[in-house]
1. Set the Förster radius R0 to 51 Å, insert the Cβ-Cβ distance between A:VAL43 and B:ILE56 as r into 1/(1 + (r/R0)^6), and round the FRET efficiency to 0.05.
2. Can you tell me the length gained on complete extension of the stretch A:SER133 to A:CYS206, counting 0.36 nm per residue apart and subtracting the Cα distance?
3. Report the Rg/Rh value for the stretch B:2-292, based on alpha-carbon coordinates and the Kirkwood definition of Rh.
4. List the aspartates and glutamates whose Cα lies under 17 Å from the Cα of B:LYS8, skipping any in the same chain that are fewer than 8 positions away.
5. For the protein assembly as shown, build the charge dipole from Cβ charges (+1 Lys, Arg; -1 Asp, Glu) around the Cα centre, then report which of B:ALA90, A:SER216, B:TRP128 sits farthest towards its positive end.
6. Mind checking the mean number of beta-carbon atoms from other chains within 10 Å of the Cβ atoms in A:172-179?
7. Please report A:ASP69, A:ASP85 as a ranked list, fewest other C-beta atoms within 10 angstrom at the top and most at the bottom.
8. Give the residue from B:THR198, B:ALA260, B:PRO246 lying farthest towards the positive end of the charge dipole for the stretch B:170-270; charges sit on Cβ (+1 for Lys and Arg, -1 for Asp and Glu) and the dipole is referred to the Cα centre.
Amino acid sequence: MHAGTRKEFSQFQHKTTAGKKIKTGLRHYLAISTKKKKIVKLVVALIATGTYLIPVLWMYISSFKTERDVYSLPPTLIPNPVTFDPIVQTLSSGGIRYFFNSMVIGSFSTFLTLILAAFTGFALARLKKRWVSMIVLVFLIAQMLPTVLRVTPLFIVFNNLRLINTYAAVILANASLTIPFSVILLRTTFLATPQEIEEASLIDGCSHIKSFFLISVPMGKPGLAVAGAMSFVWSFGDFIFSLSFLNKPSMHPATVGLYNFIGAEATSWNNVMAFAGLTALPLILLFLIFQKQIIQGLSTGSFR
Amino acid sequence: MKHIGNAKAQRIYIWFLLPGLVYVLLFVVYPIVFNVQLSFQNVTALNIRAPRKPYIGLDNYVQVFTDPELPGILLNTLAFTIGSIAFQFAIGFAIALFLQKQFPLRDLFRSLIMIGWVLSPIVVGTIWRWMLNSDFGLLNFILQWIGVIDTNISWLPQPKTAMTGVVMANIWLGVPFNMMLLTGGLANLPESVYESATIDGANRFQQFFKITIPLIRQTIAATIMLGFIYTLKVFDLIWVMTNGGPVNATTTMPVWSYRASFVLFKFSQGATISNVLFAMTLVLAIVYIYFFGNKED
């Protein structure tokens with residue numbers, strides 16, 4: 001019995017105080033009324049979610065419009081005619097290069113994050129020292145600090161190391177956000193994985209590093225998936241570091257490309273929305289694939 | 001746990017700890033220290049590669065704190081933060097409460113709303129620039145259609161409305177995060193309390209204010225605190241929508257700092273402003289961690 005039904009049942013029982021006698025009638029009543037209520041809730045949810053998603057829908061609708069159509073008043077809900085020109089144009093006029101750059105930055109930042117954070121998160125879950133909580137605190141605070149705080153000093157450091165205009169600069173800078181986040185998340189993950197199996201593998205003569213890769217990492221997979229997905233989402237979406245450390249347009253990721261694209265005088269909004277829509281697409285797909293793990297992972301610990 | 005707790009294992013785990021720790025020391029802690037050093041020097045585009053940079057004492061701080069723009073920028077930061085959090089929280093809470101109920105496709109709706117959270121701030125800012133477009137924007141059209149306004153509002157080009165426009169976009173961006181945190185709190189509530197309250201004749205409002213709110217007080221406070229910490233650092237969204245303009249109307253602390261460093265190339269000024277922002281964030285972070293963090297320890 002669902003929660004709502006149970007609530008109503010007790011309400012009904014309370015009112016009639018003779019619940020047992022009319023049990024069959026009651027069941028019938030409940031079946032109809034909860035069904036109706038569920039449909040009402042479904043409709044409300046549909047309207048609320050639809051309203052919330054208007055900006056995203058509008059972005060995709062606009063990106064299938066012709067230039068004349070995108071500026072028509074009143075705005076047309078369905079593109080008339082439907083055109084793929086803005087998307088084709090975005091991709092053919094340098095767009096592919098931007099997306100390639102975003103993928104490079106996103107994947108390498110994620111890779112670096114997962115390797116370092118898995119070890120560190122695991123260590124923080126297994127170390128039985130008094131100072132562990134102090135270290136955890138450092139990571140917690142690191143994750144909360146504004147990125148704008150790091151952009152000036154890192155720019156000067158990378159400038160001195162001749163790393164300006166390299167992907168490495170952006171990747172290293174991105175990981176300064178994703179590593180603290182992932183360490184906290186993975187510590188929580190590894191605190192929850194059973195230590196008995198690790199212990200058994202060590203008793204059997206397995207080395208610590210082998211036990212880590214063969215036993216602990218597979219058990220921590222859900223946490224690693226969330227850490228990886230979120231690291232990718234953030235690095236792919238990075239703007240401030242790429243804007244500041246890369247001044248060759250051929251190295252710009254899609255976010256910086258999009259920013260410069262709006263600034264350009266002659267761009268019309270159907271093309272801008274096609275660019276934005278393409279930039280959003282990989283992340284929406286990634287989210288839809290990992291949604292269960294992400295929602296679960298985020299609500300159990302990573303932000304606390 | 002003999003093999004995990006013994007001294008040899010613990011020594012090995014310290015090696016495991018090092019990579020991430022060294023990384024954070026190099027790329028988070030060191031930049032903060034370097035920022036402090038920068039704020040006592042005068043580093044600009046001209047002497048950025050010079051081997052020795054002049055120290056100028058507290059001059060940068062004096063400049064920042066006597067800057068005639070400072071009060072306005074602090075007010076903008078406050079307006080942006082409070083405006084965003086109030087609505088993000090209210091809307092996020094309403095959705096979280098609604099999605100507690102049982103109905104078909106509920107989890108799908110929850111996922112669809114979470115999409116707003118994975119979109120990059122640059123994409124969200126771009127979408128909202130188009131939504132808020134003075135002549136062809138969807139928002140003006142909808143507001144006219146339902147009769148709230150008679151003539152189009154030039155949201156972003158006008159100093160008076162630009163902040164509202166930016167805040168709207170940030171509210172949209174923050175709703176999923178608030179919803180998610182509050183959903184987590186609501187999920188832990190025992191069903192039985194509501195059942196007995198219903199039997200005792202408490203109506204929905206009474207239940208909400210007398211049971212729900214007190215029971216998730218912790219989650220509510222944590223959500224709002226985290227909201228402050230994460231809203232205070234928003235840069236991308238504002239930069240792509242207005243660059244902090246028109247005439248500083250949407251310049252917040254992060255925007256101010258970035259502009260000093262990367263538009264005016266006064267790196268020391270940028271570092272000084274970000275140090276002020278760092279102090280603000282650190283206070284909030286410590287308060288948050290003191291009250292809510294690290295529950296498992």
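Quick note: the coordinates plus some simple rules give every number you see, no bench work behind them. Nothing here was measured: the structure is a model prediction, and the numbers come from that model. FYI the Cβ positions are ideal-geometry reconstructions off the backbone, even for glycines, and counts take in every protein chain you see.
1. Step by step, r from the Cβ atoms, then E = 0.20.
2. Result for the pair: 23.4 nm of gain on full extension.
3. Dividing the radius of gyration by the Kirkwood radius yields 1.06.
4. Output for B:LYS8: A:GLU198, A:GLU199, A:ASP204.
5. Value computed over the given set: A:SER216.
6. Average per residue, whole number: 3.
7. Arranged by neighbour count, lowest to highest, A:ASP69, A:ASP85 become A:ASP85, A:ASP69.
8. B:ALA260
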